[in-house]
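Worksheet: one structure, shown below.
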Amino acid sequence: MHIVILGCGRVGSTLTHTLEDMGHTVAVIDREPEAFRRLRSSSAKCAVAGLGHDREVLIRAGIESATAFAAVSSGDNSNIIAARVARESFGVRHVVARIYDPRRAQVYQRLGIPTVGTVRWTADTILRRLVPGGGARNGGDGTAPDALWHDPSGSLVMTEAVLDGAWADLRVEQLEAALPLRVAYLSRAGEIVLPRGDSPLLAGDVVHVLAQAADIGRVEERLRGSGGAVGGAAGGGAGEGGNR
């Protein structure tokens, strides 16, 4: 898959090299050509100088064929504008923006743009959202590499996913009936929500769920829109999840 990254600082260059090592093609945008010195010689061939929200710059970076976009430059405004252009103008499905100001992050979450703060695990968190099921970390204990938590036996894991519109207007209990999972909590507009069974799901919610390790790949695929929410809720229901 092709991924476009805005910002060639430490996080941007680390993401680029990690994604390339995973077998993806990556294009990097930065307004300062000198920043591309951080890249390998092979990566620098896909470097585009310019503003990340400029349509022509994005097109030169291959945004029209991109499946994911990460805005990790040093400017909050640049990151969020570029992320919105990637999603709203070019229909890129997996988009994430790095935001320094936590107050702004809450506003941008309401716009449906997942945001990541400047914390130690920034790169890993972005990777989980850009490449579902292909995160960089693996504890070496047989659990899914994207697991946020797992019990000592490795049989039960927690993962997160940003819900797309296919799951909007359903209730938590319908999600639990459609898939073999339990909803632990939601992150909505920068706030943690402990939902009830009849709580509605909204597009852009970051849902944290518990599932058996053997089921986690299928759960993540369905949560991120592949497989169809309506069909799963109507047809897969009790036989698959057996919840509530």
Checklist outcome for this item: A chain fully extended from Tyr185 to Ala49 at 0.36 nm per residue, minus the present Cα-Cα distance, gains in nm 44.9 nm
Next on the checklist: If I model a spin label at Glu221 and Ala203 as a point 7 Å from the Cα along the Cα→Cβ vector, what separation in nanometres do I get?
Outcome noted: 2.4
Checklist entry - Where does each of Arg196, Arg224, Arg171, Arg37 land when they are ordered by accessible area, with a 1.4 Å probe and the largest first? => result Arg37, Arg196, Arg171, Arg224
Next on the checklist: Please list Val207, Val162 from largest to smallest accessible area, probe radius 1.4 Å, with all protein chains kept in place.
Outcome noted: Val162, Val207
Next on the checklist: Quick check: at a probe of 1.4 Å, how many percent of the accessible area of segment 1-111 sits on carbon and sulfur atoms?
Outcome noted: 48
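Could you calculate the contour length gain from Asp101 to Glu64, that is, 0.36 nm times the residue separation minus the distance between their Cα atoms, to one decimal place in nm?
That pair, Asp101 and Glu64, stretches by 10.4 nm at full extension.
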Checklist entry - Which net charge results for the neighbourhood of Val57, defined as the other residues with beta-carbon distances under 14 angstrom from its beta-carbon, given Lys and Arg at +1 and Asp and Glu at -1? => result -2
Checklist outcome for this item: Scoring only Lys, Arg, Asp and Glu (+1, +1, -1, -1) among other residues with Cβ under 10 Å from the Cβ of Val209 yields -2
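If I stretch the segment between Ala214 and Glu56 completely, what's the gain in nm (0.36 nm per residue apart, minus their alpha carbon distance), one decimal?
Roughly 52.5 nm would be gained on extension.
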Checklist entry - Hey, quick one: spin label on Asp21, modelled 7 Å out along Cα-Cβ, who in segment 30-53 has an amide N within reach, i.e. under 16 Å? => result 39-43
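Under 1.5 on a/c is rounded, so check that first for segment 14-61, then, if it is not, pick prolate when a/b is larger than b/c and oblate when it is not; a ≥ b ≥ c are the square roots of the alpha carbon gyration tensor eigenvalues.
In terms of gyration-tensor shape, oblate.
The values are calculated or read from the model by the stated rules, or taken from the named source; none is laboratory data. Here the structure is a predicted model, which means the values were calculated and not measured. Cβ: placed from backbone, ideal geometry, glycine included. Neighbour counts: every protein chain shown. Ligands, DNA and RNA are excluded from the accessible area calculation, which covers all protein heavy atoms including side chains. Shrake-Rupley method; radii C 1.70, N 1.55, O 1.52, S 1.80 Å.
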